[in-house]
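Here is the structure we will look at.
The values are calculated or read from the model by the stated rules, or taken from the named source; none is laboratory data. Remember, it's a predicted structure, so these values are computed and weren't measured experimentally. Glycine also receives a Cβ, built like all others from the backbone with ideal geometry; neighbour counts cover every protein chain displayed. Just so you know, the surface numbers come from the protein's heavy atoms only, side chains and all, with ligands and any DNA or RNA stripped out. Shrake-Rupley method; radii C 1.70, N 1.55, O 1.52, S 1.80 Å.
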Amino acid sequence: MLNPQRSLSELPKMSSASQVERAVLREVHAVLKQLQDVLKEASRRFTLPSSGLDSQLKQENFILGSSTMDQVKGVLTLQGEALTQADINLKMAKSSQLLHFQFRDDKHWKLQQIQDARNHVTQALHLLSCRDETYHFKTGAEVNKLMDAVMLQLTRARNRLTTPASLTLPELATSGLMKMFSPPMPGDVMVNFYINLSKLCLTVYQLHVLPPNTTKNFKPAGSSVVHNPGAMFELNNNRFEVSHVHKVECVVPWLSDTLVFFTISLQLCQQLKDKISVFSSFWNSRSF
């Protein structure tokens, strides 16, 4: 790894530019190797194997609930990037009626955020594998270009986990997720699953239909990760208002690990760029 303690005063002591070149290249490749090792660990988190002899991905069950409310409880089964089962219990706010929903046996719900993050990590690893220890970097700018490309993929991977998609209420109401449950979701209930940082989140919306002759000022809500009570939308010539919103979540430990690996990797990239900048300025941006 690059040694941040090395003083610039040591540079003139090197007898020739070729010695500087060899020293820099050794440190560059040492950092690239460390970066690859960290990203391989991150990549493995997306494909945790099961404990059996088969090659199936590990299935993990997560209990979603809240200590301050009991309107919604759920058990979700996550296998890699897919929710393979969801078991949701909902207590309706006004009637206290208990509703129970499960995924249909033939349905899985892909969490696009996890798939996209994994793809970006794979792309970052591909960029690094094209510059193994036998590759000869010709300039500091070439190293920086590689680091910028890797950092772009890592930033996009992290952003996919930290920034859930904003959706309109009609988009939620007509999404394929609403067709995954048995018994079918009633028309006055909507659900959404998403990742926020290292948490697997479930949001349940209870709706009521606005009468055609209502005097309430109708203003359709825009896109949002979570809509608040009072949000309105129109679908199939009917107008709806969100009456209650219930959100429950739980931590997915391997997503926590993955975010840490992203942070470490981005720091390594930036440290290498800073080091190259020192060498480039010392040698007046000449090839080294």
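Is there a residue being touching a Gly at 6+ places or on another chain (Cβ under 7 Å), open to solvent by less than 80 Å² (accessible area, probe 1.4 Å) and part of a strand (DSSP E or B) anywhere in the range 204-220? No. Listed by first and then second residue, the pairs with beta-carbon distance under 7 Å, at least 6 apart or on different chains, first residue in the range 248-260 and more than 17 Å from R158 (Cβ to Cβ), second assigned to a helix (DSSP H, G or I) and among the charged types (D, E, K, R), form an empty list. Only one of the numbered conditions (1) open to solvent by 70 Å² or more (accessible area, probe 1.4 Å); (2) part of a strand (DSSP E or B); (3) closer than 23 Å to F62 by Cα is not met by V260, and that is (2). Restricting attention to the range 241-257 and to residues that are out of contact with any His (no Cβ under 7 Å at 6 or more places or on another chain) and open to solvent by less than 30 Å² (accessible area, probe 1.4 Å), the residue that is nearest to T168 (Cα to Cα) turns out to be H246. In summary, K199 fulfils each of the numbered conditions (1) open to solvent by less than 60 Å² (accessible area, probe 1.4 Å); (2) touching a residue at least 40 places away in the same chain (Cβ under 8 Å) with the single exception of condition (1).
In the condition set (1) at pLDDT 90 or above; (2) open to solvent by 40 Å² or more (accessible area, probe 1.4 Å); (3) among the hydrophobic types (A, V, I, L, M, F, W, C); (4) over 20 Å from the mean Cα position of the chain (by Cα), L152 is compliant with all but (4).
Mind listing just one residue for me: the one in the range 72-104 that is assigned to a loop (DSSP other than H, G, I, E, B) and at pLDDT 85 or above and, of those, farthest from the chain's Cα centre (by Cα)? Residue satisfying both the conditions and the ranking: R104.
When we screen Y205, Y194 for residues that are more than 23 Å from F46 (Cβ to Cβ) and of a type in the set (F, W, Y), the only hit is Y205. Restricting the range 61-71 to residues that are in contact (Cβ under 8 Å) with a residue 60 or more places away in the chain and assigned to a strand (DSSP E or B), the residue that is least open to solvent (accessible area, probe 1.4 Å) is L64. Just one of the numbered conditions (1) in contact (Cβ under 8 Å) with a residue 24 or more places away in the chain; (2) open to solvent by 70 Å² or more (accessible area, probe 1.4 Å); (3) within 14 Å of the chain's Cα centre (by Cα) is not true of L161: (2). In the range 172-192, of all residues being crowded, with 17+ Cβ neighbours inside 10 Å and outside any loop (DSSP other than H, G, I, E, B), the one that is nearest to the chain's Cα centre (by Cα) corresponds to N192.
Scanning the range 1-46 for residues that are of a type in the set (A, V, I, L, M, F, W, C), farther than 25 Å from L259 by Cβ and either surrounded by 12 or more Cβ atoms within 10 Å (Cβ to Cβ) or modelled with pLDDT of 85 or more (or both) gives L11, M14, A17, V20, A23, V24, L25, V28.
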